[in-house]
Amino acid sequence: MSDLTNQVLSHLDPASIEAIATQLGIDPSQAEAAIQQAVPVVVGGLARNAQTDAGADALHQAAQDHAGVDIGSVLGSVLGGGGDGGAILGHIFGDRQGQAAQNIGQASGIGAANAGALLSMLAPIVMAALGNMAHRAGGGAGGLGDLLGRELQSIGQGRHGGLLGSILDQDGDGQLGLSDLLKVGSQMLGGAARGRV
């Protein structure tokens with residue numbers, strides 16, 4: 001598992017997982033299993049977007065906006081119905097946001113609607129963790145791109161690589177290639193032009 005994924009998961013204690021499960025109307029063990037699948041997908045989506053210079057620049061700006069934010073307070077906000085998770089997911093996945101919810105819902109057994117709600121809860125938490133990690137690491141957009149490149153490699157080699165690939169395979173060839181990368185990157189840029197993550 002990647003460092004960023006581990007950092008996010010470490011903030012989701014049993015009480016938080018139970019609160020998420022209650023909001024979704026599912027069993028805590030189901031919620032925990034779904035979270036274990038969803039967090040690497042969100043991290044991987046961010047990492048994929050950062051693999052172009054322009055994508056890394058846009059994401060670095062967004063990460064700066066989230067730097068210094070207390071992850072516990074973000075968690076409290078999203079559990080209270082706040083947060084900008086939907087907007088963040090739009091920037092990460094573009095028109096593949098529905099596909100992300102569908103694939104995670106199917107893989108975890110919680111259904112697409114619950115998976116979409118879960119992703120919206122997790123996205124602000126992931127961004128807060130990324131902002132804090134990027135702030136500590138320094139190095140600007142290039143440093144963030146390198147950091148997320150390592151995250152993406154770790155996820156791709158792990159058990160969540162196939163799930164991430166099924167969401168981000170833009171041209172339907174079953175592989176993540178340059179054409180997929182360019183499409184995801186252009187969607188990230190389009191979102192950045194309309195407003196920051």
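The values are calculated or read from the model by the stated rules, or taken from the named source; none is laboratory data. No experiment lies behind these values; they were computed from the predicted model shown. Note that each Cβ is placed from the backbone with ideal geometry, even for glycine, and that neighbours are counted across all protein chains shown. Each accessible area value is taken on the protein alone, full model and side chains, heavy atoms only, with ligands, DNA and RNA left out. Shrake-Rupley method; radii C 1.70, N 1.55, O 1.52, S 1.80 Å.
Looking at V69, is it surrounded by fewer than 20 Cβ atoms within 10 Å (Cβ to Cβ) and more than 12 Å from the chain's Cα centre (by Cα)? Working first, answer last.
Values: surrounded by fewer than 20 Cβ atoms within 10 Å (Cβ to Cβ): yes; more than 12 Å from the chain's Cα centre (by Cα): yes.
In short, yes.
Residue-wise test of (1) open to solvent by less than 50 Å² (accessible area, probe 1.4 Å); (2) part of a loop (DSSP other than H, G, I, E, B); (3) at pLDDT 90 or above.
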position: V39; (1), (2), (3): yes, no, yes
position: R48; (1), (2), (3): yes, no, no
position: A63; (1), (2), (3): yes, no, no
position: I92; (1), (2), (3): yes, no, no
position: D95; (1), (2), (3): no, no, no
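Being of a type outside the set (A, V, I, L, M, F, W, C), modelled with pLDDT of 65 or more and either surrounded by fewer than 21 Cβ atoms within 10 Å (Cβ to Cβ) or in a helix (DSSP H, G or I) (or both), is that true of even one residue in region 173-196? Step through it out loud before you land on a result.
Step one: filter region 173-196 for residues of a type outside the set (A, V, I, L, M, F, W, C), giving 173-175, 177, 179-180, 183, 185-187, 190-191, 194-196.
Imposing the further condition that a residue be modelled with pLDDT of 65 or more reduces the set to none.
No: zero hits.
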Check: If you scan region 141-160, which residues turn out to be at pLDDT below 75 and either open to solvent by 20 Å² or more (accessible area, probe 1.4 Å) or polar (S, T, N, Q) (or both)?
Finding: G156, Q157, G158, R159
Next item on the list: Scan region 97-114 residue by residue and report those that are touching a residue at least 60 places away in the same chain (Cβ under 8 Å), open to solvent by 30 Å² or more (accessible area, probe 1.4 Å) and of a type in the set (A, V, I, L, M, F, W, C).
Entry: A107
Margin query: Can you confirm whether R136 is closer than 13 Å to A63 by Cα and either open to solvent by less than 20 Å² (accessible area, probe 1.4 Å) or assigned to a helix (DSSP H, G or I) (or both)?
Written below: yes
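Tell me, please, whether a residue that is touching a residue at least 12 places away in the same chain (Cβ under 8 Å), open to solvent by 40 Å² or more (accessible area, probe 1.4 Å) and within 14 Å of A128 (Cβ to Cβ) can be found in region 22-33. It would help to see each step written out before you state the result.
At the first step, the residues of region 22-33 found to be touching a residue at least 12 places away in the same chain (Cβ under 8 Å) are 23-26, 28, 30-33.
Next, from what is left, pick out any that are open to solvent by 40 Å² or more (accessible area, probe 1.4 Å): 23, 25, 28, 30, 32-33.
Remaining after also requiring within 14 Å of A128 (Cβ to Cβ): none.
No - not one qualifying residue is present in region 22-33.
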